[in-house]
Amino acid sequence: MPNPIVALTPALTERDIRELETVVESSVDSARIAWVAAAGALREIRERRLYVYLCGTFEEYVERRFSRTRQWAYQLIESVTTVQQLTTANDPPTVARHVRALNGLTPTAASEAWDSAADGARAENRPVTTIDVEAAVQRVRSGSAARVTSESVRQEQWLAACVRQASRLSV
């Protein structure tokens, strides 16, 4: 049976589709930049204790102002600190989940892991995924961060996805 909504929707031209894609890409790019700016401002509010004018504690401020937890705020702040410490000059990560995977590494190790993840994705002509970054972080932590073949990267990605899926099922 045909979908009545599709039947009522006028056909989009290629130009319409390109314009919509441009809007989406611009919005996504703006959002990626915005989280870094927001995290930096939140860090400054915490460090300069600017929250005391509104709340007694930083935790209370985050809860009241953003309806978020203290853990969320600290993860965001740690992520922006990681981005700023990366020694990678070109294309630093702009996705918060990618950066969270790098948190806790030294600046040099984080740069090495990011470069490894970005190089692997670039070799396959695709965007970097969180799985790429997590696999690269594991290689750096195990001391085997040397560039690897795309096949071994895919195997590590598959294994990381299986582990994540298994952890979701065990909850």
Extension gain E44-L12, at 0.36 nm per residue separation less the Cα-Cα distance, in nm?
6.9 nm
Mind grabbing the accessible area of I131 for me, 1.4 Å probe, Å², rounded to tens?
40 Å²
Cα-based Rg and Dmax for the range 54-122, where Dmax is the largest Cα-Cα distance (Å):
14.6, 47
Between Q165 and S27, what length comes free when the chain is fully extended (0.36 nm per residue of separation minus the Cα-Cα distance, one decimal in nm)?
46.7 nm
How big is the equivalent ellipsoid of the range 26-65 along its three axes, where each semi-axis is √(5λ) from the Cα gyration tensor, reported in whole Å from largest to smallest?
25, 10, 6
Ordered by residue, what ³J(HN,Hα) values in Hz, to whole numbers, does the range 47-56 give under the Karplus form 6.51 cos²θ - 1.76 cosθ + 1.60, where θ = phi - 60° and Gly and Pro are x?
5, 8, 6, 6, 5, 5, 6, 10, 9, x
Given a 1.4 angstrom probe, I'd like the percentage of the accessible area of the range 15-62 that is carbon and sulfur, rounded to a whole number.
56 percent
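The values are calculated or read from the model by the stated rules, or taken from the named source; none is laboratory data. What you are looking at is a predicted structure, and each value in this text was computed from that prediction instead of being measured. We work out accessible area using only protein heavy atoms, side chains counted, and drop any ligands, DNA or RNA first. Shrake-Rupley method; radii C 1.70, N 1.55, O 1.52, S 1.80 Å.
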